[in-house]
Amino acid sequence: LSLNNVVLTFASTRHLVAAASTTAPNLEGKVTYEHTTSTIAQLNSLLKSTNTAIILTSEESRNPNHQSVLNKVLNPGQNLSSEMVNISFNSSTSELKIAVASSCWTITGSEVVFNQISVTQDLSTFTKTPTDQAITVTQAESTNPTQATVNKFLQTPDTLTVGTDVTITFNANERKATLAVVANSTRAQGDNVVFTNVTVTVEKPQLNTFTHDDKNKAITITQAEVTSKDQNALNKFLKQAGSLTVNTDATIEFDTTNKKATITATPNSTQAKGNVVFTNVTVTVEKPQLNTFTHDDKNKAITITQAEVTSKDQNALNKFLKQAGSLTVNTDATIEFDTTNKKATITATPNSTQAKGNVVFTNVTVEKPALNTTLTVKELGQINARTQAAVKAAMLSKNTNLQNVDQNRFTITLDTDASKNKATVTHPDFADAVEVSFSVQLKL
């Protein structure tokens, strides 16, 4: 026989009764031992220390005279029936009292009082209702739940402690969150609570994962970028240009006085969150393009003199500017002529504080000087013959400033009226014609 087949009890008459278990096969009846002597045990020797922390369920606190309560205060290895003691619980003082029942003759001793009692409540008394209400958690919270995560599901924050009283697991696909009681929780008990309308948001990374790590990195921006705050400006602060879109993902503000730039993720950005401050931002004074000073029509007909072609002076430059003198020749810009192709190239000087770049004009004509400004002596005096050569020789003799002109290109046309001592002079490098007069020396 074994205790699996036999139930041993002490009758109120102090007799030991061995009865066949109702589950024992091929065994029935009972045997009473009338001459039984028992050892009297002290109640407190059977129980744990009175300052031991004891956790009762809410049901046990209401009806404490049960075996489950007694088992919680028994020392390991002790086997005592709840029928042998009286158990009471005072919820006002949180005291659990164990006393020997009047019918028990195997135990003696005074009442034992336990004062470190915690009463647990059903988990559902702590959580929000209904359980299908919409609750949102972040991706990080679904992976590593914190107290803040659990608080989203509690009626009152912090009434249960994550890990100590409760655990929470998420099923993002089914939009579920399951809260379960931790064994030995001093606050909660009972069945799991499942929330069925939980959304896990895709967590946006911090903005600083996109920007340069060194927030004191020297960054130079133009005045135009300070004003426009455009993609080019934003790219200067990003590890990878274009990884964030200006105004869609981030905005930028400049404090030029303090050399600061603040990058802030937009509220509706799907890429980033947060903000970053750079502290070493320099604004350069941007020079405007040269074409903002010159005529807009680069095929505008412009006439220059040969002298201007040679001198490339301020007068020459002014002819290409919207406002004469807005750029200074050689200080702000230089000019080069390609008279063969009727072109003029205006180029900003490297050290100009006014402009940058270059401009090409494509319809530039060199103005020819009037011949009469050089051929000033038109009365040639007496020549030895009425011939072109004689007229030319006299003309060059009387007008010494023609010595630097290509003399072979003069055209001299004698008046068709032989009685008139006149001739017309032209030259391809000069405009207009000049009439000269002379007298012919008579031959004897």
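No lab work stands behind these numbers, since they all come straight from the coordinates. Source: prediction; values computed, not measured. Positions of Cβ are generated from backbone atoms using ideal geometry, with glycine treated the same way; all protein chains shown enter the neighbour counts.
Taking the DSSP bridge list for the stretch 122-201 and keeping only pairs wholly inside it, about 60 percent are antiparallel. Within the chain, which is the longest segment that contains none of the GluC sites (Glu not before Pro) sitting in a DSSP loop with at most 15 other Cβ atoms within 10 Å? The longest such stretch corresponds to 287-444. Counted over the chain, the DSSP beta bridges are approximately 70% antiparallel. Straight Cα distances below 14 angstrom link residue 128 to the aspartates and glutamates 158, with same-chain residues fewer than 8 positions distant left out. Projecting the alpha carbon convex hull of the chain along each direction and taking the average yields 45.2 nm².
Cross-link pairs exceeding 29 Å between alpha carbons, from the set 152/229; 204/236; 319/378: 152/229; 319/378.
Rounded if a/c is under 1.5, else prolate if a/b beats b/c, else oblate: with a ≥ b ≥ c from the C-alpha gyration tensor eigenvalues square-rooted, which is the stretch 207-284? Since a/c reaches 1.5 and a/b is larger than b/c, the shape of the stretch 207-284 is classed as prolate.
Among the listed pairs 342/420; 287/343; 312/356, those with a Cα-Cα distance over 30 Å are 342/420.
Relative to the longest principal axis of the Cα atoms of the chain, helix 388-398 runs at roughly 70 degrees.
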